[in-house]
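Some notes on the structure that comes next.
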Amino acid sequence: MTTPSVSTRRIVSLAASAFVVLAAEPLFLLVDTAVVGHLGRIQLAALGAGGTIMTLLAIIGTSLEYGTTGRAARFFGAGRRDAAVNEGVQASWLAVLIGLLAVVVGELLAGPIARLIAGGSNAVASDAESWLRIAILGLPGVLLVLAGNGWFRGVQDTRTPVRIVVLANVGSAIASPVLVYPLGFGLAGSAIANALAQWVGALLCVLAIRREAVPLRPQWLIMRKQLVVSRDLVLRAVAFQTAYLTAAGVAGRMGAAQLAAHQIGLQLWEFIALLLDSFAIAAQSLVGAALGSGDVEAARHTAWRVSRYGLAAGVVFGAVMAAGWMIVPLAFSSDAAVQHQAHVLWPWLVAMMPAGGIVFALDGVLLGAGDNAFMRSITLIAALLGYVPLALASLHFGWGLGGVWAGLALFIAIRFVGMGLRTRGGRWLVVGESV
């Protein structure tokens, strides 16, 4: 049986690696948001609209990432590293196929979707469409990196993903301001930097998997199984993105200043959420490996320990954001109206973080256990009965951006209650190489 001390050391090791990997791209996006923000409110709002669409198109890739981690971790826990790595090979093939299809669909629908998100602003819609048509060319690279992260985490490789993500995103963080300002590409420079980062990361992931002693040919049976596992995760991701897309659309109809401030708040929230998610990544890998080896007590112990770590981290981040109430928005926009709207959403951003730390930790626990059907259901309930109705009501009743962010807080609260009760029970503790 895994002892608490070993479990703690392994959680810290995996979480530290995941922290760097998860922080790198959001840090680049924050830099990119700050760079574009000083072009003006129209360009910042366009980046918010285009970024929302890119996230929507990457739904299947994110689901593939988490599904691959869970399957690979169980094989790794059962002592079958070759089978675990092969999950990464097949996930990479799926990433290429799905990514190319998504590029075609995205190019066809870029204009209509950009206009839908931007509301009545033709200037924002036009800039968002232009940004998206360039950035979307990096989408297959995005999915390849997500597939790579999935199997790296499954085999508890803490070094390779750090090297890949740091190299790709540091290069892009340097390229973005150079392309936007001195070279004069403006908003398009941001899109070019995004696409370059994704393809550099994808190439490094492909090179990493080629070094493993496993066949690289596609195996359709395994890919079909991965798609089945991903089905519930795709629905879960659709619920997330439906909620975020609705909120962005509502903010866009309130005005360019509201949409720009929403972009600032959402990037900060997603940045901190992904940092808190580092404990979830550790939990997913360790819980999957423990259940793959039949060690139920290690899985249960990891679940509650990682939840406590998530709570502590959430409290710390909440305190930091509370202290930065006046200063942080200034880094992203010099527009007084945008800064005012950022202050409107700020109390909600701060208040969500402690509960968010626990929620993200339990995400990893239940995904690592393969409890995907429950994760799908609780997310759909929280999004469709919580976040979306409250966001729409805020537009109808004139509650402003604060109402939109109250919806996000309700989304977190519903998941917090549901996932906490689920983890207290034992139905998620299923042992074996697969579920």
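The values are calculated or read from the model by the stated rules, or taken from the named source; none is laboratory data. Quantities reported herein were computed from a predicted structural model and do not represent experimental measurements. Cβ coordinates were reconstructed from backbone atoms using ideal geometry, including for glycine residues, and neighbour counts include every protein chain displayed.
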Log entry, pairs with first residue in the stretch 161-173 being touching a residue at least 40 places away in the same chain (Cβ under 8 Å) and closer than 13 Å to Leu144 by Cβ, second being basic (Lys, Arg) and part of a helix (DSSP H, G or I), beta carbons closer than 8 Å, six or more apart or on different chains, reads Pro161/Arg153
Condition check: under 30 Å from Ala393 (Cβ atoms) and out of contact with any Leu (no Cβ under 9 Å at 6 or more places or on another chain). Does Asp232 satisfy that?
yes
In the stretch 182-228, residue nearest to Ala84 (Cα to Cα) [restricted to those that are among the small types (Gly, Ala, Ser) and part of a loop (DSSP other than H, G, I, E, B)]:
Ala213
Candidate set: the stretch 362-393, residues that are among the hydroxyl-bearing types (Ser, Thr, Tyr) and closer than 30 Å to Arg74 by Cβ; chosen: the one surrounded by the most Cβ atoms within 10 Å (Cβ to Cβ)
Thr379
So Val170 ticks every box in (1) of a type in the set (Val, Ile, Thr); (2) surrounded by fewer than 18 Cβ atoms within 10 Å (Cβ to Cβ); (3) at pLDDT 85 or above but one. Which box is left unticked?
(3)
Here, helices (runs of 4 or more DSSP H) confined to the stretch 237-333 with at least 2 residues that are under 17 Å from Pro354 (Cβ atoms) are 256-292, 296-323
What's the number of the condition His396 fails, among (1) more than 23 Å from His301 (Cβ to Cβ); (2) without any contact (Cβ under 8 Å) to a residue 24 or more places away in the chain; (3) under 22 Å from the mean Cα position of the chain (by Cα)?
(3)
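Let's see how each residue does on (1) more than 22 Å from the chain's Cα centre (by Cα); (2) buried (at least 22 other Cβ atoms within 10 Å of the Cβ); (3) free of Cβ contacts under 8 Å to residues at least 60 places away in the same chain:
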position	(1), (2), (3)
Ala84	yes, yes, no
Trp93	no, no, no
Val96	no, no, yes
Gly106	no, no, yes
Of all residues making up the stretch 255-313, the number that are polar (S, T, N, Q), surrounded by fewer than 23 Cβ atoms within 10 Å (Cβ to Cβ) and closer than 30 Å to Ile117 by Cβ:
1
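Across the stretch 219-254, which residue is nearest to the chain's Cα centre (by Cα) among those that are over 18 Å from Ala383 (Cα atoms), surrounded by fewer than 19 Cβ atoms within 10 Å (Cβ to Cβ) and of a type in the set (Val, Ile, Thr)? Before you say what the answer is, go through the steps one by one.
Start the filter on the stretch 219-254 by keeping residues that are over 18 Å from Ala383 (Cα atoms), which leaves 219-230, 252-254.
Next cut, surrounded by fewer than 19 Cβ atoms within 10 Å (Cβ to Cβ) only: 219-225, 227-228, 253.
Restricting the remaining residues to those that are of a type in the set (Val, Ile, Thr) gives 222, 228.
Details: Ile222: 25, Val228: 21 Å.
Within the stretch 219-254, the match that is nearest to the chain's Cα centre (by Cα) is Val228.
Regarding Ala58, is this residue small (Gly, Ala, Ser) and more than 16 Å from the chain's Cα centre (by Cα)? Let's see the steps before the verdict.
Working: small (Gly, Ala, Ser): yes; more than 16 Å from the chain's Cα centre (by Cα): no.
Taking the combined requirement at face value, the residue does not satisfy it.
Which ones in the stretch 160-181 are of a type in the set (Ser, Thr, Tyr) and assigned to a helix (DSSP H, G or I)?
Filtering the stretch 160-181 down to residues of a type in the set (Ser, Thr, Tyr) leaves 160, 172, 176, 181.
Answer for the stretch 160-181, where residues must be of a type in the set (Ser, Thr, Tyr) and assigned to a helix (DSSP H, G or I): Thr160, Ser172, Ser176.
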